[in-house]
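One structure below.
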Amino acid sequence: MRFLYFKIIFFLTILISILSSCANVNSNAMFKIPRDGSFVYDTLVMSPKDDYVISEGDRISFQFATNDGERIIFMQSGITELNEGIIRRNNVTNIDYLVRQDGKVNLPLIGETYVKGLTIIQIEDTLTKLLSKNFINPFVQIRVSNQRIVIFKGRGEAQVVSLNNTNTSLLEAIAMAGGINEQGKAFSIKVMRRTEIGKREIYKIDLSTIKGIKEADMIVQGNDYIYVDYKPRIASSILMEVSPWLSLMTTSLTLYAIIKK
């Protein structure tokens, strides 16, 4: 009778464990879409609608030269000074300048300048006008040095990828992150892009067939989130959750049988 009682407890424990384990299956999945079909993806944009807009925390590199950038050409050639036939060479080091929380950046020769909400071209035009007061034909180059995207390439894997090329395609970005892992769904990729008003547009990408080659050429933008949906391993997940209970109950029943003898 007691053995039957232990059997009932055993099976009830296993059943409860399985039911609780089901709730944990795929529990680390992010950005789930409602199953009722109410969610509508935004229209895919192959290239960013607008130029990148500077925000707090960005780092920009700043280069400036007079005479329409003559000195920059010399610097890129390794020549930093020309004087009566004497050529001096030096290594050129780019320095990054932080855009503070108040939207300002402190630049040499110019001082504090408000750049938040401006594009690269707008900043270059603004700085050129400011420098024109004291310099002849100033040439300004601005570059965002910390542009990056976040890629979730499948279950349990994520990577922050720096964008050194402003024309980086979606396929290039995924390749830089190591590709899609074996559990990832190539036919279900979400690209989430922040707009000027702070919201994010969400695009659905399918790279599982040759038809997706056009979508693979989509140009990514700084601060994009790229999320690859993945296939849940239901059986293995449940087994992993239940195994400790099975081991405990098996040990208990074995001890009971030995004691009963």
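The values are calculated or read from the model by the stated rules, or taken from the named source; none is laboratory data. As the structure is a prediction and not an experimental result, all values here were calculated from the model. As a convention, Cβ positions derive from the backbone with ideal geometry for all residues, glycine included, and neighbour counts pool all protein chains shown.
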Tally, over segment 180-203, of residues that are buried (at least 16 other Cβ atoms within 10 Å of the Cβ) and either free of Cβ contacts under 8 Å to residues at least 60 places away in the same chain or not hydrophobic (A, V, I, L, M, F, W, C) (or both): 11
Members of segment 102-125 that are over 27 Å from the mean Cα position of the chain (by Cα) and not in a helix (DSSP H, G or I): ASN106, LEU107, PRO108, LEU109, ILE110, GLY111, GLU112, THR113
Any hit, segment 38-49, residues being modelled with pLDDT of 75 or more, of a type in the set (Asp, Glu) and within 27 Å of GLN221 (Cβ to Cβ): yes
Count of residues meeting criterion [among the charged types (D, E, K, R) and surrounded by fewer than 17 Cβ atoms within 10 Å (Cβ to Cβ)] in segment 53-67: 2
Test: residue in segment 126-149 that is under 27 Å from SER208 (Cβ atoms) and not hydroxyl-bearing (Ser, Thr, Tyr): yes
Residue that is farthest from ALA29 (Cα to Cα) [pool: residues in segment 170-214 that are of a type in the set (Asp, Glu) and not in a helix (DSSP H, G or I)]: GLU196
Filtered residue count, segment 204-225, keeping only those that are surrounded by fewer than 18 Cβ atoms within 10 Å (Cβ to Cβ), in contact (Cβ under 8 Å) with a residue 24 or more places away in the chain and acidic (Asp, Glu): 1
Matching residues, segment 32-48, being surrounded by 10 or more Cβ atoms within 10 Å (Cβ to Cβ) and free of Cβ contacts under 8 Å to residues at least 12 places away in the same chain: ILE33, PHE39
Considering residues of segment 131-175 that are in contact (Cβ under 8 Å) with a residue 60 or more places away in the chain and small (Gly, Ala, Ser) only, the residue farthest from ILE226 (Cα to Cα): SER145
Hits in segment 138-196 (condition: in contact with a Phe, Trp or Tyr (Cβ under 6 Å, 6 or more places away or on another chain) and small (Gly, Ala, Ser)): GLY154, ALA158, GLY184
Hey, VAL228 surrounded by 16 or more Cβ atoms within 10 Å (Cβ to Cβ), free of Cβ contacts under 8 Å to residues at least 24 places away in the same chain and within 16 Å of the chain's Cα centre (by Cα) or not: no
Which listed residue is modelled with pLDDT under 85 and out of contact with any helix residue (DSSP H, G or I) (no Cβ under 6 Å at 6 or more places or on another chain), from ILE197, ILE238: ILE197
